[in-house]
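Taking it in order: structure first as structure tokens, then the write-up.
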Amino acid sequence: MRKYVPVAILIFVVYIVFSGSLSPYDIVIGSLIAIAGSILASKYLIKDESKALSIRRFFNLVSYAFYYLTVAEFKAHWTVIRIILSKDMPVKPAIVRVPYKASNSYTIVASANSITNTPGTVVVDIEPQRSLYYVHWIYAVGLDPETTYKEILEPFERRLSKVFE
Amino acid sequence: MRRSYIVLISLISVIFVLAYLTTYMGILGPISSDTRYLAKLFLALTYNPDTSTSLRYLTAMSPEAVTAIVWDYRGIDTFYETTVFFMAIVSALTIYRGITNIESKTQGSGLSIIVRVVTKLLIPMNIAIAVSIAVHGHLTPGGGFQAGAALAVISVLLAVVFSGYSFGKLGMGISKAVALRSMGLLGIATVTLLPLIYGIVAGVQTYLMQNYMKVDSPFTFPIYAWGQLISGTLIWLNLAEFLAVSFGFFVIFMLLSLREETVKKYLGVGDGH
């Protein structure tokens, strides 16, 4: 029973936000479609419902979103702005291997999208068998796995592990 | 290099000439600052809860003028449009005759885990949005066909991101999709014929696809349900069309995602390897 709650909440919230209305009609239809959609989709999305319903993990997610949208984005933008504005264009582009430690697919995907969404780094491929991202880096300070992990992935994966792992 | 400059310059000059002609020479004719009479008529009539004048016989009881026109004022036309779409799917099924379910002997690996996880999360959201478009068809722009097209995106996502065989794994065979689509069509037929059945039973004059009362016919579909405007036939026709269109597209995309070898083997043509 609890297994169906997270997906039902997701569908209900999307339905209400998209409809832009809180009338009884929308609450009734939104609830019905949330129940039906959750029964159909939960087994593909939820493995451990106690994680999905954990308040602590939810607050970790909110604090990650705050960290990501302010600190991480500011740092990455600042680096790229400095490169653009300097007259000799100090770039050192490379596609580097970044090893990841996470095992949960949501952590892997959220980390990869966080890397891609910050300017200066793009995940171009992933090799799940060897737990590797291939990241295009605008200024590669090092090519060894320890450096790339620490510079590119560590701040994201450490925080996201508290949400999904 | 020289050629591309000539292309660029001629494109820019065509844009400038067109902009000049339409803005300063007025070659498109004067632009009316007033709403056209026909538009005013529709805006006044599509939703008209005022029952004191005889204009009430012309209303569709829906604030969404497009849905009112599509499913009420020219409802029979839309019915035939749906029939054309239905015939197209029947033709596709005839060409692919005999294929009722897609076997999943081999499983394609699909795209990377990043795309797969994001798509998995998008599919329930897609369902929510498609249903919202369908059930608000009589209130806001959208409706059954648009909602059905939005839901059918799921089948394309499944075939491209996961595998053409994922339909079978999800228990969504072609025969099931055809059954759901036929249910939608039956729904449209039921709403179309209900006024007629009511007319025969109650002994009053009614019309096919009748939504709201006419001068010579008192029959009216329920306009409100527990205080919520449902606009008579419009909500039911939108829901039925949603079912018919979405699963019609599902059938087509499932058939198109089949491998040529599989199809030829089923049909017994070519060597099919």
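Out of the residues in the stretch A:38-49 meeting the condition of being away from every other protein chain (no Cβ under 11 Å) and free of Cβ contacts under 8 Å to residues at least 24 places away in the same chain, tell me which one is surrounded by the most Cβ atoms within 10 Å (Cβ to Cβ).
Filtering the stretch A:38-49 for residues that are away from every other protein chain (no Cβ under 11 Å) and free of Cβ contacts under 8 Å to residues at least 24 places away in the same chain, the one surrounded by the most Cβ atoms within 10 Å (Cβ to Cβ) comes out as A:Lys47.
From the list A:Ile83, A:Ile35, A:Ile95, exactly one residue is surrounded by 12 or more Cβ atoms within 10 Å (Cβ to Cβ), outside the structural domain of A:Val135 (by TED's automatic domain parsing) and of a type in the set (A, V, I, L, M, F, W, C). Which is it?
A:Ile35
With away from chain A (no Cβ under 14 Å), more than 30 Å from B:Leu267 (Cα to Cα) and at pLDDT 90 or above as the only criterion, which of B:Ile76, B:Ile89 stands out?
Details: B:Ile89 fails: more than 30 Å from B:Leu267 (Cα to Cα).
Going through B:Ile76, B:Ile89 in turn, just one is away from chain A (no Cβ under 14 Å), more than 30 Å from B:Leu267 (Cα to Cα) and at pLDDT 90 or above: B:Ile76.
Please go through (1) at pLDDT below 90; (2) closer than 24 Å to B:Val66 by Cβ; (3) surrounded by fewer than 17 Cβ atoms within 10 Å (Cβ to Cβ) for B:Gly232 and return the number of the only condition it doesn't satisfy.
(3)
Within the stretch B:33-48, does at least one residue satisfy the condition of being more than 38 Å from the chain's Cα centre (by Cα) and either among the hydroxyl-bearing types (Ser, Thr, Tyr) or under 30 Å from B:Leu229 (Cβ atoms) (or both)?
no
Return yes or no: is B:Gly75 over 23 Å from the mean Cα position of the chain (by Cα) and not hydrophobic (A, V, I, L, M, F, W, C)?
When the stated conditions are applied, B:Gly75 does not pass them.
Restricting the search to the stretch A:121-152, which residues are more than 14 Å from chain B (Cβ to nearest Cβ) and either part of a helix (DSSP H, G or I) or buried (at least 20 other Cβ atoms within 10 Å of the Cβ) (or both)?
Within the stretch A:121-152, A:Thr121, A:Trp137, A:Pro145, A:Glu146, A:Thr147, A:Thr148, A:Tyr149, A:Lys150, A:Glu151, A:Ile152 meet the criteria.
What are the residues in the stretch A:131-165 that are within 27 Å of A:Lys47 (Cα to Cα) and without any contact (Cβ under 8 Å) to a residue 24 or more places away in the chain, if any?
Listed by number, the residues that qualify are A:Glu154, A:Arg158.
Looking at the stretch B:121-134, I want the residues that are more than 7 Å from chain A (Cβ to nearest Cβ) and have a partner that is not in a helix (DSSP H, G or I) with Cβ atoms under 8 Å, at least 6 apart or on another chain. Which pairs are those?
Once the first residue is more than 7 Å from chain A (Cβ to nearest Cβ) and sits in the stretch B:121-134, its partners that are not in a helix (DSSP H, G or I) give B:Ile133/B:Gly142; B:Ile133/B:Gly143; B:Ala134/B:Gly142; B:Ala134/B:Gly143.
Consider B:Thr140 against the criteria (1) of a type in the set (S, T, N, Q); (2) touching a residue at least 40 places away in the same chain (Cβ under 8 Å); (3) more than 14 Å from chain A (Cβ to nearest Cβ); (4) farther than 30 Å from B:Val263 by Cα: it satisfies all of them except one. Which criterion is unmet?
(3)
Listed residues B:Arg36, B:Arg56; which is closer than 30 Å to B:Phe221 by Cβ, surrounded by 10 or more Cβ atoms within 10 Å (Cβ to Cβ) and out of contact with any helix residue (DSSP H, G or I) (no Cβ under 8 Å at 6 or more places or on another chain)? Full working, then the answer.
Values: B:Arg36 fails: surrounded by 10 or more Cβ atoms within 10 Å (Cβ to Cβ).
Sole residue among the options that is closer than 30 Å to B:Phe221 by Cβ, surrounded by 10 or more Cβ atoms within 10 Å (Cβ to Cβ) and out of contact with any helix residue (DSSP H, G or I) (no Cβ under 8 Å at 6 or more places or on another chain): B:Arg56.
If you scan the stretch B:162-195, which residues turn out to be more than 16 Å from the chain's Cα centre (by Cα) and of a type in the set (Lys, Arg)?
B:Lys169, B:Lys176
Where the second residue is assigned to a helix (DSSP H, G or I) and among the charged types (D, E, K, R) and the first is facing chain B (nearest Cβ under 8 Å) and more than 22 Å from A:Leu53 (Cα to Cα) and lies in the stretch A:1-30, which pairs have Cβ atoms under 9 Å and are six or more apart or on separate chains?
A:Ser19/A:Asp26
The values are calculated or read from the model by the stated rules, or taken from the named source; none is laboratory data. All figures in this text were calculated on a predicted structure; none of them were measured in a lab. As a convention, Cβ positions derive from the backbone with ideal geometry for all residues, glycine included, and neighbour counts pool all protein chains shown.
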